[in-house]
Structures are given as structure tokens and as C-alpha cells.
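Heads up, the thing below is written out as C-alpha cells.
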Amino acid sequence: MARLKEKVIEEIELLPDDVLEPVLGFVEYLKAQRSRAQGLNAKYGSIEGLRSKVMKGGHSWEEEKDLFEWEASLTEVETMRKTLRSDDA
């Protein structure tokens, strides 16, 4: 894994600034999505617990909104991981 990271860093250092800017934006976006999911995990304990509460009813609008945002954040990160792992990428 360490060698892989070294190779990635070597290649990134060779990229021109006009390519680095969108790469950085992509990395920051994924970081924000992970951070949002971690914050919601700290707030609610688990996505499964919040999902169960929302599905049973008796929840607040904030809880429902947070559940949708949490699921979206996790989906975005997983979609990007799958895209990067794809043989077609």
C-alpha cells in the first residue's frame, strides 16, 4: 500500500496545475461526504438505527432529512470508489 501511495504521489507531482485543480476538487468533495457521514454517525449512532426510527414513524423532519443526506453521502463515496476500481476507468 505504501508503494502504491508513493507511485500516486509521483504521478500527481507531474500533472499540470490545470489538471490538479479539478483533481483537488474531487478529493475535497469526497472528503466532505465522508466527514458528513461521520458527523451523522456521531449524532445518531448508526445509520441503521436512524433508518429504523424513520421507517417506523415518530421522527422529526430533521431526522428524516439527515437520513436522506447520510444515505446520499455514503452512496456518493461508494459510487466514486466503484468508478475508480472499474476496469473501464
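Taking a straight line from the alpha carbon of Lys82, these lysines sit under 20 Å away, with near neighbours fewer than eight places off in the same chain left out: Lys5, Lys31. If the chain linking Leu4 and Lys53 were pulled fully straight, counting 0.36 nm for each residue of separation and taking away their Cα-Cα distance, it would gain 13.5 nm.
Relative contact order of region 17-85, taken over Cα pairs closer than 8 Å and 6 or more residues apart, is 41 percent. For Lys56, a cut-off of 28 angstrom between C-alpha atoms picks up these lysines, skipping any fewer than 8 places away in its own chain: Lys43, Lys65.
Computed from the coordinates by the stated procedures, all read-outs in this text should not be read as laboratory data. Predicted model only: the values in this text are computed from it and were never measured.
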